[in-house]
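> What follows is a structure written as structure tokens; I'll ask about it next.
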Amino acid sequence: MREVLFLLADLWMIFVGYFYGWKLVRRYGNYLLGLELMVVATSGSNFLLWSLLGAKGDSALYDLAYFLDAFSRSVGITLILIMGLMMVTHRYKPSRGVDIAVFGVAIVAGLFLRPFHGAELHTGGIAYWVAVFYVVVNLLTAAFLGYFVKRLWDAGAKRLAIRTGLVTAAGTTIALIYDFFPLPFDDADRTIFYTAALATWGTQGFVLFHAYRALHDHNAASDANPARATGALA
């Protein structure tokens with residue numbers, strides 16, 4: 001049963017990443033947020049394939065998994081996420097050069113941080129400080145998402161604001177558990193944790209897409225008729 005739930009959670013995250021990532025690129029021209037969701041989906045696809053092929057530690061898929069993990073935890077679902085959401089919170093319009101540069105930074109960060117995934121975590125080695133870094137940037141991102149929630153609330157999208165707040169809290173909880181608070185009742189492969197993490201990340205992408213769309217539509221309505229664009233979202 002655990003394996004089935006893990007599979008469903010992974011498939012959910014893969015679907016959300018590719019489907020809504022493509023929508024963000026195609027419909028809104030948001031390459032930052034859209035491509036990052038696709039990176040998350042690619043990570044889920046790689047993780048699924050690696051698991052189905054026996055989850056071997058000497059597999060190239062294993063190394064790729066940690067690279068994609070470091071990519072998103074360091075820069076992707078932090079700086080890139082914030083910059084992508086700023087397109088509706090601050091009318092930010094990054095150039096293609098900025099898009100390419102920030103993904104380049106994420107690639108470098110992923111390559112540099114990939115080897116440090118817990119081997120020295122509890123002995124005070126560099127992996128410990130990398131894990132601390134992941135938590136710090138996650139908390140900073142959560143602070144911005146708190147502002148994003150306020151923007152949703154002020155725009156009248158109160159249900160979406162609540163959902164975004166809840167999924168952000170869930171994502172931060174996963175970030176804390178990831179390295180520092182392993183579940184004592186979990187198995188050696190951390191199946192329960194990864195199932196919860198994959199389900200949370202997928203739901204986070206789903207909610208953020210709809211929240212982004214709501215603010216985009218609110219901005220468009222405000223531009224078209226400033227006098228009437230107040231509290232129109234449900």
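The values are calculated or read from the model by the stated rules, or taken from the named source; none is laboratory data. Bear in mind the structure is a predicted one, so any value in this text is a computation, not a measurement. Cβ coordinates were reconstructed from backbone atoms using ideal geometry, including for glycine residues, and neighbour counts include every protein chain displayed. All accessible areas refer to the heavy atoms of the entire protein, side chains included, with ligands and DNA or RNA removed. Shrake-Rupley method; radii C 1.70, N 1.55, O 1.52, S 1.80 Å.
> Taking only Cα atoms and a 10 Å spring cutoff, compute GNM fluctuations for the chain and point out the largest among Phe116, Phe133, Phe185.
Maximum fluctuation in the GNM of the chain, among the listed residues, is at Phe185.
> How far is it, in nm, from the label point at Leu49 to the one at Phe133 when both lie 7 Å from their Cα along the line to the Cβ?
2.7 nm
> What are the DSSP H helices in the chain that stretch 24 Å or more along their long axis, judged by alpha-carbon atoms, and whose average Kyte-Doolittle hydropathy comes to at least -1.0? Please list the in-between numbers first.
Numbers: long enough: 2-28 (37 Å, 0.64); 31-52 (31 Å, 1.29); 96-113 (25 Å, 1.96); 126-154 (42 Å, 1.32); 158-180 (33 Å, 0.77); 191-224 (49 Å, 0.20).
Once both thresholds are applied, what remains is 2-28, 31-52, 96-113, 126-154, 158-180, 191-224.
> Then there is this: Run the 1.4 Å probe and let me know the accessible area of Ser222, rounded to the nearest 10 Å².
Using a 1.4 Å probe on the heavy atoms, I get roughly 40 Å².
> Below 13 angstrom from the Cβ of Arg114, what's the summed charge of the other residues (Lys, Arg +1; Asp, Glu -1)? Write out the running numbers ahead of the final one.
Working: positive: Arg73; negative: Asp63, Asp69.
In short, -1.
> Something else now. Of the candidates Ala211, Ala221, Ala188, which one comes out as most mobile in a Gaussian network treatment of the chain with C-alpha springs shorter than 10 Å?
Highest fluctuation of the listed residues: Ala188.
> Would you calculate a helix-derived [θ] at 222 nm for the chain, using -39,500 (n - 2.57) for each DSSP H run of n ≥ 4 and dividing by the full residue count, to the nearest 500? Could the numbers behind the result be given before it?
Details: 8 runs with 174 residues, N = 234.
Only helices count here, giving -26000 deg cm²/dmol.
> With labels modelled as points extended 7 Å from the Cα through the Cβ direction, what inter-label distance (nm, one decimal) is found for Asp189 paired with Ile162?
3.8 nm
> As a test question: what accessible area, to the nearest 10 Å², does Tyr212 have when a 1.4 Å probe is rolled over all protein chains in place?
0 Å²
> Which value in nm describes the separation of the simple spin-label points at Phe19 and Ile107, placed 7 Å from the Cα toward the beta carbon?
Taking the simple label geometry, Phe19 and Ile107 are separated by 3.0 nm.
> With a bin width of 5 angstrom, please list the P(r) values of the chain as percents of all Cα-Cα pairs, from the 0 bin to the one holding the largest distance.
Computed distribution, short to long bins: 1, 7, 13, 18, 20, 16, 11, 7, 4, 2, 1, 0, 0.
> Compute the signed sum of charges (Lys and Arg +1, Asp and Glu -1) over the other residues within less than 12 Å, Cβ to Cβ, of Ile77. Intermediate results must be reported in sequence, preceding the final value.
Numbers: positive: Arg73; negative: Glu36, Asp69.
Around Ile77, the charge tally is -1.
> Using a 1.4 angstrom probe on the protein heavy atoms only, could you order Met1, Met13 from most to least accessible area? Show your work: numbers first, answer last.
Working: Met1 155, Met13 10 Å².
Ranked from most to least accessible, the order is Met1, Met13.
> Might you tell me the accessible area per residue for segment 150-205, computed with a 1.4 Å probe and given in Å²? Could you put the intermediate results ahead of the total?
Working: 2800 Å² over 56 residues.
On a per-residue basis, 50 Å².
> Calculated FRET efficiency, Arg91 and Val4, Cβ-Cβ r, R0 45 Å, to nearest 0.05? Before the final figure, lay out the partial values.
Working: r = 44 Å, r/R0 = 0.99.
My answer for the efficiency is 0.50.
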